[in-house]
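What follows is one structure encoded as structure tokens, with my remarks underneath.
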Amino acid sequence: MPVGHSPSLNWSRHGKKVEFRTGFERGPAAAAAPVALAEEDVMPPFGDADNLAYAASVWEQMEGFRQWKLTTPVYKGASPHGAYLRMFSSYVTVGGVARPIVVKENFGGPDVTAETATAKPDEWLRAVTIMLQREAGYDDDNDNWFWVKYAPDGSVMSNPKGMKLAGRVAKGMPAGCISCHLSADDGDYLFFND
């Protein structure tokens, strides 16, 4: 990489923009030198190994979610979710602690209707999005919600820039999970009870 080139990762932390530079902007010798940064200042808010591992644990605990008692019928959806949606709510145990979770099935396809998504959900399922409330201190700025967009097989999907969508998705950005759900009435990040 040429000297003067400064690749970096940008994200927002507690409302402040944070930039992590690789060190290559100072030349090869400087790039080899360790950079002393606190771990919390280096970790992006979503898509890292810790958030992906937690997302995998959550997916395992969601097995059978279609049988949960708190379920909506399939209803008309909107972007960024599917053309039709169905929501489930319960608690799952992750790391030995029961956590509240909201699961949303996102249905799509050229001929999808509420009736077809209800009759053959696996045929029309495009994604499963969740929000799970984690422990205090995880993301106090946003009620400690953990967000994931899963493919129907349980793998974590990516945004157009290739970032895996698990964790504090799009924290501090003008669009994304957190910024949209901030607009929910009562400040609880939930729309279905408004």
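The values are calculated or read from the model by the stated rules, or taken from the named source; none is laboratory data. On a predicted model such as this, the values are computed, not experimentally measured, just so you know. With ideal geometry, Cβ positions are generated from the backbone for all residues, glycine too; neighbour counts draw on all protein chains shown. Note: accessible area is taken over every heavy atom of the protein model, side chains too, but ligands, DNA and RNA are not part of it. Shrake-Rupley method; radii C 1.70, N 1.55, O 1.52, S 1.80 Å.
Scaling the Cα radius of gyration of segment 44-194 by the globular reference 2.2 N^0.38 Å produces a ratio of 0.99. Of the solvent-accessible surface of segment 63-158, computed with a 1.4 Å probe over protein heavy atoms with every protein chain present, carbon and sulfur atoms account for 53 percent. For segment 62-169, the solvent-accessible area works out to 50 Å² per residue, with a probe of 1.4 Å and every protein chain left in place. Placing pseudo-labels 7 Å out from each Cα toward the beta carbon at Met173 and Ala53 gives an inter-label distance of 2.4 nm.
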